[in-house]
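Scroll down for the structure; my scribbles are underneath it.
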Amino acid sequence: MLRIRAGSVHPVTAPPISDGAVLVDGGGRIAAVGPHSHVPAPREAETREFPQGVLVPGLVNCHTHLELTHLAGRVTDREFPAWIRRIRELKDATAAPEFRRAAEQGVRACWAAGVTCVADTGSTGAAAAALHALDGRGVVYQEVFGPDPLACEASLAELAASVERLRPLASDRLRLGVSPHAPYTVSAPLYRAVADFALRERLPLAVHLAESPQETQLVRDGAGPFADALRARGIAVEPRAVSPVQYLVQLGVLASGNCLCIHCVQVDREDVDLLKTAGAAIAHCPRSNRAHGHGVAPLAAFRAAGIPVGLGTDSVVSTGDVSLWGDAVAAGLEGEDALRMLTIEGARALGLESEIGSIEVGKEADLVVFDRPTALLTLVAGRPVHGYIGAP
Ligand SMILES: [Zn+2]
């Protein structure tokens, strides 16, 4: 058992408590929360005290690419399609053990920034291996690529094999999903096939969607730099005459009601309604969107529509770090509203709100301490920088 006392405790789903305490049971779940004087202090409980600390639920980062941690600062291309191409080249030049090291470094960087749960997309399985080895929490979406319709079967077979390989790592703390990457890297038949596969295997989906104007140009008009690059590879491109969101709805990708849509910058009113109707969730990545010049996603419209939205840092190649507070600031959020978005709202976007995201009796004790609400001082961890203080 563990008892933590802090200058203030922010349960998120209840008002902040000054001089508060939290009791964590031997199974790593929250047994009590309240004013210090009201929370039991069993003799066998280890105690930690942070008189100046702000104790909050661990933050939820709804979009990372932890396998790319080693590429921070390595890509300087400003044009988005060129940037994407450069990432692919650097990935091709990376050996497998380096991805694993990068992912472990990424997990630790998340913990140091107060993030105790990530929704990660990647193609190498390194993030799943790292989270498993370090006992971290997250949803890991295995990426699949394949812009050539003729390669659909091979891409799907590769995805299925990757999922089988990762399955032994899955647990309540580490969930698996799949991610058909983006409209400029995935053919229409592959989208359909992956959506069917996900439904069959009961796996959640994540998609990069409506991120750049160039993506809209490709989908709607069959034109622009992505279209040119595909045609240069001998891949036919047709104008779909719809928005990227409408396109994925037509392909049945959002039909499962369990799809995390990453970015959603290039959306109009109709797209927002479609996302709501589909039961989709959104990973809002304001700093990444800004860094690439994609524009500003309509966060207020998402929230007004009742779509679950969490914040994501995206890869460190885009934003330089995995500090979610920077994204809260970039999203125009502050105080308790920011904290809500970074915790319970992020958890809801991942379907984990009954397990994490607030300090409530019965929930997992993913807890962190900040020296003030915007800067992490110490993770309340029995082990080095681990947010899950009650972990066996
Ligand atoms: Zn991304």
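The values are calculated or read from the model by the stated rules, or taken from the named source; none is laboratory data. Only a predicted model underlies this, so the values are computations on that prediction, with no experimental measurement involved. Cβ coordinates were reconstructed from backbone atoms using ideal geometry, including for glycine residues, and neighbour counts include every protein chain displayed. To get the accessible areas, we keep the full protein, side chains included, count just its heavy atoms, and leave off ligands, DNA and RNA. Shrake-Rupley method; radii C 1.70, N 1.55, O 1.52, S 1.80 Å.
Need the failing condition index for ASP321 against (1) within 23 Å of ARG74 (Cα to Cα); (2) more than 14 Å from the ligand (Cβ to nearest atom); (3) under 13 Å from the mean Cα position of the chain (by Cα), just the number.
ASP321 satisfies all of (1) within 23 Å of ARG74 (Cα to Cα); (2) more than 14 Å from the ligand (Cβ to nearest atom); (3) under 13 Å from the mean Cα position of the chain (by Cα) except (3).
I'd like the residue in the range 282-319 that is open to solvent by 50 Å² or more (accessible area, probe 1.4 Å) and assigned to a loop (DSSP other than H, G, I, E, B) and, out of all such residues, is modelled with the lowest pLDDT.
GLY293
Could you please tell me which pairs satisfy a Cβ distance under 7 Å, a separation of 6+ or placement on different chains, a first residue in the range 219-242 that is farther than 14 Å from GLY146 by Cα, and a second residue that is of a type in the set (Gly, Ala, Ser) and open to solvent by 40 Å² or more (accessible area, probe 1.4 Å)?
Once the first residue is farther than 14 Å from GLY146 by Cα and sits in the range 219-242, its partners that are of a type in the set (Gly, Ala, Ser) and open to solvent by 40 Å² or more (accessible area, probe 1.4 Å) give ARG220/ALA241.
Among the residues of the range 188-207 satisfying the criterion of being assigned to a helix (DSSP H, G or I), over 19 Å from LEU230 (Cα atoms) and aliphatic (A, V, I, L, M), which is most open to solvent (accessible area, probe 1.4 Å)?
Filtering the range 188-207 for residues that are assigned to a helix (DSSP H, G or I), over 19 Å from LEU230 (Cα atoms) and aliphatic (A, V, I, L, M), the one most open to solvent (accessible area, probe 1.4 Å) comes out as LEU199.
Where in the range 1-68 are there strands (runs of 3 or more DSSP E), lying wholly inside it, with at least 3 residues that are open to solvent by 60 Å² or more (accessible area, probe 1.4 Å)?
Hits in the range 1-68: 46-57.
Please verify whether VAL361 is over 19 Å from ASN258 (Cα atoms), buried (at least 24 other Cβ atoms within 10 Å of the Cβ) and touching a residue at least 60 places away in the same chain (Cβ under 8 Å), treating the condition exactly as stated.
no
Any chance you could count how many residues in the range 243-262 are out of contact with any Phe, Trp or Tyr (no Cβ under 6 Å at 6 or more places or on another chain), buried (at least 16 other Cβ atoms within 10 Å of the Cβ) and at pLDDT 95 or above?
Summing the residues that are out of contact with any Phe, Trp or Tyr (no Cβ under 6 Å at 6 or more places or on another chain), buried (at least 16 other Cβ atoms within 10 Å of the Cβ) and at pLDDT 95 or above in the range 243-262 gives 12.
Please enumerate the residues belonging to the range 182-216 that are without any contact (Cβ under 8 Å) to a residue 40 or more places away in the chain and under 20 Å from the mean Cα position of the chain (by Cα).
Those that are without any contact (Cβ under 8 Å) to a residue 40 or more places away in the chain and under 20 Å from the mean Cα position of the chain (by Cα): ALA182, ARG202.
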